[in-house]
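In what follows, a single structure is set out as structure tokens and then discussed.
What follows draws every value from the coordinates through simple rules; no lab data is involved. If you're wondering where the values come from, they're calculated on a predicted model, not measured in any experiment. Cβ placement follows ideal geometry from the backbone for every residue including glycine, while neighbour counts extend to all protein chains displayed.
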Amino acid sequence: MSFQKRVEDFVCAKCATKVKGSGHTNHCPQCLWSAHVDNDPGDRAAECGGMMEPLRIEGSTGHYRIVHRCVVCGIERSVDAGKDDNIEALVALASKNAGAIMGP
Ligand SMILES: [Zn+2]
Ligand SMILES: [Zn+2]
């Protein structure tokens, strides 16, 4: 028996985009939603299975992280943004966050 690193393709439960698994990211590059399936990144050990909403962007140019919150259990996680992520979705999320900070 040897440990296998599974690379899983999946269909986004939010927007139905077919996502090619990279083995590192499990969020949808189109809508940025994820699913609560890991306790530690990649272990697929979480039993929650809830959808994870993209909350905000952290980091700086060249190294963005997406902060997700599980809609079921409320846990927050941050993951590295992928190079295939939809830039408009990232910008929209970042500006939503900036608006919340700079709003009236
Ligand atoms: Zn999606
Ligand atoms: Zn959860």
**Message:** I need the Debye-formula profile for the range 48-90: one equal scatterer per C-alpha, no solvent, reported as log10 I(q)/I(0) at q = 0.14, 0.21, 0.27, 0.33 1/Å, two decimals.
**Reply:** -0.33, -0.67, -0.94, -1.16
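What net charge is computed for the residues neighbouring Glu76, neighbours being all others with C-beta under 14 Å from the C-beta of Glu76, Lys and Arg scored +1, Asp and Glu -1? Spell out each step's value before the answer.
Working: positive: Arg56, Arg65, Arg69, Arg77; negative: Asp38, Glu53, Glu58.
Taking every other residue near Glu76 into account, the sum is +1.
Counting Lys and Arg as +1 and Asp and Glu as -1, what is the net charge of the other residues whose Cβ lies under 12 Å from the Cβ of Val11? Don't skip to the end; give the middle numbers.
Values: positive: Lys14, Lys18, Lys20; negative: Glu8, Asp9.
Net charge around Val11: +1.
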**Asked** Modelled label-to-label distance, Ser78 and Cys15, 7 Å Cα→beta-carbon offset: nm?
**Response** 2.3 nm
**Prompt:** How much net charge surrounds Ala92 when only other residues with a Cβ under 13 Å from its Cβ are counted (Lys, Arg +1; Asp, Glu -1)?
**Reply:** 0
